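Working notes, structure below.
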Amino acid sequence: MDELAMLVETVEQLIERNNKSELADYLNELNISDVEELIDELPEFGPLFLETLTLKRAVNVFRILDFPTQERIFKKLSAAKIRELLNEMPPDDRTSFFSELTGDVVKRLIIYLTPEERKEALSLLGYPEDSVGRLMTPDYITVKEQWSMTRVLDHIRRYGGASETIDVLYVIDSAGKLIDDIRIKDVLLADPDKVVADLIDNRLISLKANDPQEEAVTIFRMNNRVALPVVDEKDIMLGIVTIDDILWVANEEYAEDMQRIGGTEALDEPYLDVSVFHLVKKRAGWLIVLFLGQLLTFNVLKQYESRLSTMLVLLMPLIMSSGGNSGSQASTLIIQAMAIGEVTLRDWWAVMKREILSGTFLGLILGALGFLRIATEEMFLTSYGDSWYLYGVAIGISLVGVVLWGSLIGSMLPFILRRCGADPASSSAPFVSTIVDVTGLVIYFTFATIILRDVLF
């Protein structure tokens, strides 16, 4: 029996005996991740677990649950427990929870907050959705330039318990403007007579409250920080964003990108919690667009109908798949590079030059293999007759053109979408493949009719 199964069995026995005291002791000894797994395994007892846990641990468990589970549990909690949870939750986690709820529900829950917490919650909810302002917490430690190390440490002892983190301290002036940040390590190792100004290195990195959350993920990744300050347009400090919130954002962005790359809209809930109707709605749009795009293939084939030979038709899948595959490869690479900040809009020309070179070389490799395939078949089966080498040249040159074109389409489409304000992940593999399939046929038949005109006509 694995560890989780043993936990479930033990908890079920405690619930069956109705021993709440022993259940509370047992749950409070577990890691919060273990309690979260218990809620997944025993969802009907989720409210009981939160009612039983100590307040601090209940908050820590609640904040790591996915939203559908949070919502389901919240509906069954007592009013007293709801009030305690909401007032004890870190402001950033509470804002994240509120932002998933409807306006009417938020209005009812806001009433449970103390006047101070209510003011804080309304302030954070005032920032645009998916902005850094929605992630920040106002619980942090600030110090002044003229303070000595002794005064800084006294200040931390007095107010550090209410701070999200004390790893970093923030230096502000009398107007609240952010000057710099200093590490607690430097404070602890400094001479007690030194002042904060002596530790300032002027290498401040900060976020703007209205910046997109995606940009914050990139900045955290590039600078190896556990927390970053958030300022307004006048550099007045508003709050901090911590790495745990950024990891949640990065995970959500990754999930959305993977869904879009697969040719579907991003799901707002876990897959198994989404209704079949909602799932169909999310997937139907892209399928319709892709279907209409593939209908253009019929028009291309009709245009070249009188010039098609049986052998050219049989070789069509070879051309279409090669172009689609090269386009999908390029698109995936560029989307990933954009997501982690390796490539920006300004790099489009550098990317195009690289893709022209790589697409040409890849096309030459596949073109040579295509020619070799026809030569080998002719050697054993004589399928093409005396003009076999013309078919080989047509296939070889077509593959160079189609693979090069696919690489260019796949690499440039994310830039075009980003420039238009859309998500680059929307240039998904199916979308790129559809475009390259249609245009690739035009390239193929154009080269084939030119090279094989004496054979076909």
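General remarks:
- Farthest toward positive dipole pole in region 142-242 [+1 Lys/Arg, -1 Asp/Glu at C-beta], among LEU178, MET222, ILE240: ILE240
- Counting only aspartates and glutamates at least 8 places from LYS177 when in the same chain, those with an alpha carbon closer than 17 Å to its own are ASP139, GLU145, ASP201, ASP232, GLU233, ASP235.
- Placing unit charges on the Cβ atoms only, positive for Lys and Arg and negative for Asp and Glu, gives region 3-126 a dipole magnitude near 840 debye about its Cα centre.
- For region 69-147, size of Cβ-based charge dipole, Lys and Arg +1, Asp and Glu -1, in debye: 420
- Relative contact order (%) - region 3-126, alpha-carbon pairs under 8 angstrom, separation at least six: 19
- Looking at region 72-101, the trypsin sites (Lys or Arg not before Pro) that sit in a DSSP loop and have at most 15 other Cβ atoms within 10 Å of their own Cβ are LYS75, LYS76.
- Note on LYS56: lysines with a C-alpha under 16 Å away, same-chain residues under 8 apart excluded, are LYS81.
- The Rg/Rh ratio of region 1-92, with Rg taken over Cα atoms and Rh as the Kirkwood radius over Cα pairs, comes to 0.95.
- Ranked by the mean number of other Cβ atoms within 10 Å of their residues, highest first, the peptides 150-156, 415-421, 322-328 fall in the order 322-328, 150-156, 415-421.
- Summed residue charge, Cβ within 11 Å of ASP198's Cβ, Lys/Arg positive, Asp/Glu negative: -4
- Check: region 143-239 dipole with +1 on Lys, Arg Cβ and -1 on Asp, Glu Cβ, in debye: 240
- Separation between Cα centres of region 52-97 and region 13-50, rounded to whole Å: 15
- By the rule of a C-alpha distance below 16 Å, with chain neighbours fewer than 8 residues away ignored, the lysines paired with LYS185 are LYS194.
- Derived from the Cα gyration tensor, the three semi-axes of the equivalent ellipsoid of region 142-242 are 24, 14, 13 Å, largest first.
Rule-based calculations on the coordinates, nothing more; no lab input. Computed from a predicted model, the values in this text were never measured in an experiment. So basically every Cβ, Gly included, is an ideal-geometry build from the backbone, and we count neighbours across all protein chains shown.
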